[in-house]
Each structure stands twice: as C-alpha cells, then as structure tokens.
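The values are calculated or read from the model by the stated rules, or taken from the named source; none is laboratory data. Remember, predicted model here, so these are calculated numbers, not experimental data. Neighbour counts are summed over all protein chains in view; Cβ atoms, including those assigned to glycine, are modelled from backbone coordinates with ideal geometry.
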Amino acid sequence: MIASFLLLLGLFFMIFGVVGVLKFPDIYTRLQASTKCGVTGVISIFFGLIIQQGFSAFSVRIFFILVFVLITTPVASHIIAQAAYESGVEPWRKPLDNFREKKR
Amino acid sequence: MAEEDFLLNLLWMTALILAALAFLSLYRVIFGPTSYDRLLGVNLISSMVTVIIVILAIRFQRRIYMDVALVYALLSFIGVIALAKYLRAGIR
C-alpha cells in the first residue's frame, strides 16, 4: 500500500518535472524544475521499491544507488548552471509591457 | 495475492510512463536553444533510465542489473561534467 503510494508520488513528481523542462522559458528555470523534480521523484520511487522489497540484497543496492544519485545530481546541475552563466547565457526577464508604459 | 499482482502491474506501468517521459524530454535535447539545454535533457534522461533499470532488475530478480544501474549513473555523471567543462573551455 505504502509502496504503491510512493511509486505513484514519484511518477507525479517526474511528470511535473518534465512539464517544467518543456514549458519554462530559460536554462536556469529549466534546471530548477529538472533537478528538484527529478531528485524528488527518484527518491520517492526508490523508497517505494525498498519498502516493497523489505531488507534484502536488492534494497541495500537500491539504497547505495539512491545515496549516489542524491550526491551527484545537484553537483551536475550546479556545474551546468555555472558553465551557462560563465559563457554568457542571459537570464530570462518578463518582457516589458509597452502599452502600459505609454498609458502613463 | 491480488495486491502482489497490482504491485507488479504498477511496476510495469511506472517503467512504461518513465520511458514515455524520457521520450518527451528528448524534445529538449533535439530543439534546445543553447547547448546547455541539451545537456540538461541528457541529464534528466539518464536519471530516468537509471530508475527504469532498477525497476527491471526487481521485476526480473536479476541482481547484476543493479550494478549496471550504478555504473550507468556514474558514467552519465562523469559525461555531463566532462561536457560542461569542455563547453566552458571552448568559450574562453
């Protein structure tokens, strides 16, 4: 029961992470959506699988992979953001509303 | 017994939906405006593929697929870092 709930929760996070990656306007906002939702979805799915398996050889290995993903994904995201910023990718701003400016 | 069947079906469904999501984020890899968008898409796809490999390992009860998943995560991490360093060095 708890295992299926955690699996569905992880799928939910993954789906909204992909929606954010497809819809957001900028590399930095896309990195935000990708990393947060990706890591949360992976954690939820792996904990669901651990609870379903109980204590076995599989669950120990899943736990190791979980710790590894938890360490490496933020590092990769940070390095991509740093490289994008240093090579001069402009952050997205809300476009100016010319009509409202003229009305004043 | 019914709950076991439900959980197995849920495992298959999770793997299939994750594969579909990986195909959706392939859009960012193909049409990404900058090369960093493509890198982000590759990173997301590799994390999804890691989860899919773990699910298949549990479904087929093969212990060696777990090691495959761990090595896949390690290699994708190293690849992303090497590509980011390479792109940054090309700009300077």
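Quick notes
- Among the residues of the range A:65-85, those that are farther than 22 Å from B:Tyr36 by Cα and surrounded by 13 or more Cβ atoms within 10 Å (Cβ to Cβ) comprise A:Ile65, A:Leu66, A:Phe68.
- Of the helices (runs of 4 or more DSSP H) contained entirely in the range A:7-104, those carrying at least 2 residues that are more than 9 Å from chain B (Cβ to nearest Cβ) and either modelled with pLDDT of 90 or more or under 22 Å from the mean Cα position of the chain (by Cα) (or both) fall at A:27-53, A:57-86.
- Hey, B:Tyr27 more than 9 Å from chain A (Cβ to nearest Cβ) and touching a Leu at 6+ places or on another chain (Cβ under 9 Å) or not: no
- Residue match in the range B:48-57 (condition: facing chain A (nearest Cβ under 10 Å) and either farther than 18 Å from A:Thr73 by Cα or more than 12 Å from the chain's Cα centre (by Cα) (or both)): yes
- Answer residue from the range A:43-64, given it is of a type in the set (Phe, Trp, Tyr) and buried (at least 17 other Cβ atoms within 10 Å of the Cβ) and is nearest to B:Val80 (Cα to Cα) among those: A:Phe46
- Condition met for B:Ala20 (surrounded by fewer than 21 Cβ atoms within 10 Å (Cβ to Cβ) and either within 16 Å of the chain's Cα centre (by Cα) or without any contact (Cβ under 8 Å) to a residue 12 or more places away in the chain (or both)): yes
- When A:Gly88 is tested against the conditions (1) of a type outside the set (Phe, Trp, Tyr); (2) on the phi > 0 side of the Ramachandran plot; (3) crowded, with 17+ Cβ neighbours inside 10 Å, the lone failure is (3).
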